[in-house]
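What follows is one structure encoded as structure tokens, with my remarks underneath.
The values are calculated or read from the model by the stated rules, or taken from the named source; none is laboratory data. No experiment lies behind these values; they were computed from the predicted model shown. Here the Cβ positions follow ideal geometry from the backbone for every residue, glycine too, while neighbour counts run over all protein chains shown. For the accessible areas, the whole protein counts, side chains as well, though only heavy atoms, and no ligand, DNA or RNA atoms are used. Shrake-Rupley method; radii C 1.70, N 1.55, O 1.52, S 1.80 Å.
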Amino acid sequence: MQRRMFLKTLGAIVPAAAAIGRLSAASTGKKQTVKIVEFDASGVRTGVVELEKVEKPESEWKKQLTAEQFQITRQAGTEFPGTGKYANNHADGLYHCICCDTVLFDSKTKFESGTGWPSFYQPIAKENVRVQGDNSHGMQRDEVLCTRCDAHLGHVFDDGPPPTHLRFCMNSASLNFFARGKQQSS
């Protein structure tokens, strides 16, 4: 009984402490940081780095992104199935966040899910994405976001193939694809 009460209390304190930390950082002007894993153009892990979280006003995101990219990444929208440019992409390479360029997925983990969205059985590094509950549209799902900029990427489901049995069902509009070994143009 004491353990249950402890866990309930902890469950209430941790989110509150995180919110206070964000407010405190905002009030002092201190930028929030996150740890992500960086990769070279061939997909080789180069190390873990701590970077400032990318936070921009809505007006800046609207200048940077197309209307569709903004609606999906900043407002948690979804593409119609089969309409995304990467749904049928079978090229070898890396998928980056459209908003902040963080490497998110490797084509080696992409599979045909039959859903109409690009699907992966795991992110390139667990540090580069985060998952949170999503109860929108009368459904209980797990939303996938970019760790660095909080871009909405899609959802993760537990009906994927081995070895993880997960299906990271992503929106093409939230991603940029770069062929393996090719440097992106800045």
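For the reader, a short list of remarks on this structure follows.
- Some residue of the range 129-142 being in contact (Cβ under 8 Å) with a residue 40 or more places away in the chain and within 25 Å of Q64 (Cα to Cα): no
- Test for Y95: is it among the hydroxyl-bearing types (S, T, Y) and assigned to a strand (DSSP E or B): yes
- The residue that is least open to solvent (accessible area, probe 1.4 Å), among those in the range 114-154 that are among the acidic types (D, E), under 11 Å from the mean Cα position of the chain (by Cα) and within 17 Å of S174 (Cα to Cα), is E143.
- The requirement of being open to solvent by 30 Å² or more (accessible area, probe 1.4 Å) and farther than 21 Å from E50 by Cα is satisfied by F111.
- Odd one out for F178, checked against (1) part of a loop (DSSP other than H, G, I, E, B); (2) of a type outside the set (S, T, N, Q); (3) modelled with pLDDT of 95 or more; (4) open to solvent by 40 Å² or more (accessible area, probe 1.4 Å): (1)
- Any chance K56 is charged (D, E, K, R), at pLDDT 50 or above and part of a loop (DSSP other than H, G, I, E, B): yes
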